[in-house]
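What follows is a single structure, written as C-alpha cells, with notes after it.
The values are calculated or read from the model by the stated rules, or taken from the named source; none is laboratory data. These numbers come from a predicted model, not from an experiment. Virtual Cβ from ideal backbone geometry, glycine too; neighbours counted across all protein chains shown.
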Amino acid sequence: YTAAKFGVVGLTKSVALELAEQGIRVNAICPGKMATYIWAKVYPDMPADLVERVPEITEPWLAEGVPLGRAGFPADVANAALWLASTESSFVTGQAIVVDGGLTSGRPWSQMLHAFDKLRDRFREAAGQTTVTT
C-alpha cells in the first residue's frame, strides 16, 4: 500500500516535468485519515441503521494521534482540489499535497490492526453488542 502511494507521488513528479512546457500542471492529493463510509468495511455485519452514522462513529477514533486533533472529511480533500484547480495555485506543479492534519509519519501496520479491532468494537457497542477486544 505504502509503496503504491509513493509510486503515485513519483509518477506525479515525472509527468509534471514532462508536461510543464505545455503549461499543464500535475499534482497529487494525499489524504490522511478521513471520516467516510469506507470504514463500514471493518464491520461487515453492521446493522443497516448504523451505516449512516459511520463518519460520526469513526471520527473520534480517526482523530487519535492527528496533530490538528480531528479526522479529515471529504470537504477537506475537496478544498485542496479546488485550490489546485484555481489560479491561486498556478505556479504549483509536481507536488504531493498532503491533507492529513499534520499526521505524515503514520503508524506501523501492527498498530493499525489493533486500531481496526478497537473500531470494530466501537461499531458493536453502537449496535448494542458485546465487545471482545482485549
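Conditions: (1) under 12 Å from the mean Cα position of the chain (by Cα); (2) surrounded by fewer than 18 Cβ atoms within 10 Å (Cβ to Cβ). Lys33 meets all but one. Number of the miss?
It is condition (2) that Lys33 fails.
Within region 14-24, is even one residue assigned to a helix (DSSP H, G or I), over 18 Å from the mean Cα position of the chain (by Cα), touching a residue at least 12 places away in the same chain (Cβ under 8 Å) and surrounded by 15 or more Cβ atoms within 10 Å (Cβ to Cβ)?
Yes, the conditions are met somewhere in region 14-24.
Take Ala28 and tell me if it is closer than 26 Å to Ala4 by Cβ, of a type in the set (A, V, I, L, M), surrounded by fewer than 16 Cβ atoms within 10 Å (Cβ to Cβ) and at pLDDT 95 or above.
no
Of the numbered conditions (1) modelled with pLDDT under 95; (2) closer than 25 Å to Thr2 by Cα; (3) part of a helix (DSSP H, G or I), Leu50 satisfies every one except a single condition; which is it?
In the conditions (1) modelled with pLDDT under 95; (2) closer than 25 Å to Thr2 by Cα; (3) part of a helix (DSSP H, G or I), Leu50 misses (2) alone.
Would you please name the residue that is surrounded by the most Cβ atoms within 10 Å (Cβ to Cβ), looking only at residues in region 57-73 that are touching a Gly at 6+ places or on another chain (Cβ under 7 Å) and outside any loop (DSSP other than H, G, I, E, B)? Step through it out loud before you land on a result.
Within region 57-73, the first condition is being touching a Gly at 6+ places or on another chain (Cβ under 7 Å), and the residues that meet it are 63, 66-68, 70, 72.
Right, trim to outside any loop (DSSP other than H, G, I, E, B) and you get 63, 72.
On the way: Ala63: 17, Gly72: 23.
Across region 57-73, the extreme among qualifying residues is Gly72.
Find the residue count for region 61-103, including only residues that are within 15 Å of the chain's Cα centre (by Cα) and in contact (Cβ under 8 Å) with a residue 60 or more places away in the chain.
Qualifying residue count, region 61-103: 8.
Residue check: is Lys41 within 17 Å of the chain's Cα centre (by Cα), under 22 Å from Arg124 (Cβ atoms), basic (Lys, Arg) and not in a strand (DSSP E or B)?
Working: within 17 Å of the chain's Cα centre (by Cα): yes; under 22 Å from Arg124 (Cβ atoms): yes; basic (Lys, Arg): yes; not in a strand (DSSP E or B): yes.
Criteria met by Lys41.
For region 10-44, which residues satisfy the criterion of being of a type in the set (A, V, I, L, M) and closer than 23 Å to Leu103 by Cα?
Leu11, Ala28, Ile29, Met34, Ala35, Ile38, Ala40, Val42
So, of the residues in region 94-134 that are touching a helix residue (DSSP H, G or I) at 6+ places or on another chain (Cβ under 7 Å), modelled with pLDDT of 90 or more and of a type in the set (A, V, I, L, M, F, W, C), which turns out to be surrounded by the fewest Cβ atoms within 10 Å (Cβ to Cβ)?
Ala127
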